[in-house]
Amino acid sequence: MKFCSNCGKEISDAAAICINCGAEVKPETETVDKANTALVVVSVLFPIVGLILGAVQRKTSPNAAKTYATAAIIAWAVSFAIGFFIGLVG
Ligand SMILES: [Zn+2]
């Protein structure tokens, strides 16, 4: 069983609308727009992958896409800064 997000009454798992108030029931399979930790790590290690993930998931899960892209840009900026610093010292 699941519960109606509108009225809070118990409704059937298969129901598309609430039998109590008629509100549309969102499917359980709806993807959660949250960044996957493993993919954030991959984005940090391989910034190009993070940028691709950000571009691909921009429409389906904008929050996760933003996280991947941000992680990729920060990782790229840090590696660039370290390279620049090493270049200055060396
Ligand atoms: Zn309801």
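In the chain, which helices (entire DSSP H runs) extend 18 Å or more along their own long axis, judged by Cα positions, while averaging at least 0.0 on the Kyte-Doolittle scale?
Taking the DSSP H segments of the chain (at least 18 Å long, mean hydropathy at least 0.0), we get 62-89.
Over the C-alpha trace of the chain, radius of gyration and Dmax come out as 21.1, 72 angstrom.
Its DSSP H runs of at least 4 residues, each contributing -39,500 (n - 2.57), put the calculated 222 nm mean residue ellipticity of the chain at -17000 deg cm²/dmol, to the nearest 500.
Under 29 Å of direct C-alpha separation, and excluding same-chain neighbours fewer than eight residues apart, K2 reaches these lysines: K26, K34, K59.
Residues of the stretch 35-53 with backbone nitrogen within less than 19 Å of a virtual label 7 Å along the Cα-to-Cβ line of I86, please, listed as ranges. Of the residues in the stretch 35-53, 44-48 have backbone N under 19 Å from the label point off I86.
Bear in mind that the values in this text are calculations on the coordinates, not laboratory data. Model, not experiment: these values are computed from the prediction. For neighbour counting, all protein chains shown are included, and Cβ atoms are generated from backbone atoms with ideal geometry for every residue, glycine included.
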